[in-house]
Amino acid sequence: MLPDTLMDMQPEECIAYAEIMAAVATCDGKFTQEEMSAYEARTSSLLVQPYVRERLQGMIDETIDLDSYLKTLSSHGLKLVLRDAILMAACDGRYVDEELKIIGRIASAAGVDEGMLNQLYNWVLEGWEWHHRGHQMLGLEHAQISTQ
């Protein structure tokens, strides 16, 4: 993982970030290997207490107070969680309605308009294509991404 400003967030922001990312990962009632990997990769860089990661499995049927966690995050933190939520939601090859709704709420809280949101989705697709090219060079199969 490349260096990121996630490590600059305050402890309470780290908890809010981890909870929101967990909500995105589990909002469709599933917690795929790809989502688990993405979640672990992002939250491990926060150096949060282990109980945050341990709570994830229990969140599959749990609803969080998203607005409360969004209020905990700074403007910077909101934009980071938006970026990473879009990336993590795509990691299993598809965006589902539940993920898109949460992403929309995060974008609204972050003051990110539809144009910038579309740029972020395109950024994820570009990254997905970049990753796919590496697989193609090596003759490996690669999953596709879809919006449903």
Filter the stretch 20-37 for residues that are part of a helix (DSSP H, G or I) and in contact with an Asp or Glu (Cβ under 8 Å, 6 or more places away or on another chain) and give the result.
MET21, VAL24, ALA25, THR26, GLU34, GLU35
Starting from the stretch 8-32, keep only residues that are in contact (Cβ under 8 Å) with a residue 12 or more places away in the chain, then list their pairs with residues that are hydroxyl-bearing (Ser, Thr, Tyr) and assigned to a loop (DSSP other than H, G, I, E, B) whose Cβ atoms are within a distance under 7 Å, requiring at least 6 positions of separation or different chains.
GLU13/SER74
Restricting attention to the stretch 105-133, which residues are more than 20 Å from SER74 (Cβ to Cβ), exposed (fewer than 15 other Cβ atoms within 10 Å of the Cβ) and modelled with pLDDT of 85 or more?
GLU114, GLY115, ASN118, GLN119, ASN122, TRP123, LEU125, GLU126, GLY127, GLU129, TRP130, ARG133
Does the stretch 84-99 hold any residues that are within 19 Å of HIS131 (Cβ to Cβ) and among the β-branched types (Val, Ile, Thr), and which are they?
ILE86
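The values are calculated or read from the model by the stated rules, or taken from the named source; none is laboratory data. This one's a predicted model, so the numbers in the text were calculated from it and none came from an experiment. Positions of Cβ are generated from backbone atoms using ideal geometry, with glycine treated the same way; all protein chains shown enter the neighbour counts.
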